[in-house]
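Beneath this line is the structure, given in structure tokens, with notes to follow.
Coordinate-derived values only; no laboratory data. Here the structure is a predicted model, which is why all the values come from computation and not from measurement.
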């Protein structure tokens with residue numbers, strides 16, 4: 001094999017190895033990024049659920065106060 005063709009073979013092998021390493025590194029980063037997105041989505045979900053529970057309790061208290069007020073007014077008219 002001549003020097004030029006030997007260099008081309010080594011260049012091709014090096015490029016293939018570099019592409020494989022790049023693909024594996026990108027794949028690992030992609031999985032890491034996807035996991036970060038999933039974790040963040042769960043944090044948002046938990047936060048929204050907590051806020052919804054708080055608002056639900058507040059709304060329940062307001063409804064109870066309104067029902068008591070209406071009941072008192074209806075009893076007062078009788």
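When Rg is the radius of gyration of the Cα atoms in the chain and Rh is its Kirkwood radius, what does Rg/Rh come to? Walk me through the intermediate numbers first.
Numbers: Rg = 33.4 Å, Rh = 19.0 Å.
Computed over Cα atoms, the ratio is 1.76.
At 222 nm, what value in deg cm²/dmol follows for the chain if DSSP H runs of at least 4 each add -39500 (n - 2.57) and the sum is divided by all its residues, to the nearest 500? Don't skip to the answer; put the middle values down first.
Numbers: 1 runs with 75 residues, N = 78.
Helix contribution divided over all residues of the chain: -36500 deg cm²/dmol.
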**Prompt:** Relative to the longest principal Cα axis of the chain, at what angle does helix 3-77 sit, 0 to 90 degrees, rounded to 10?
**Reply:** 0
**Asked** Can you give the extra length, in nm with one decimal, that the chain gains between residue 44 and residue 28 once fully stretched, where that is 0.36 nm per residue apart less the Cα-Cα distance?
**Response** 3.3 nm
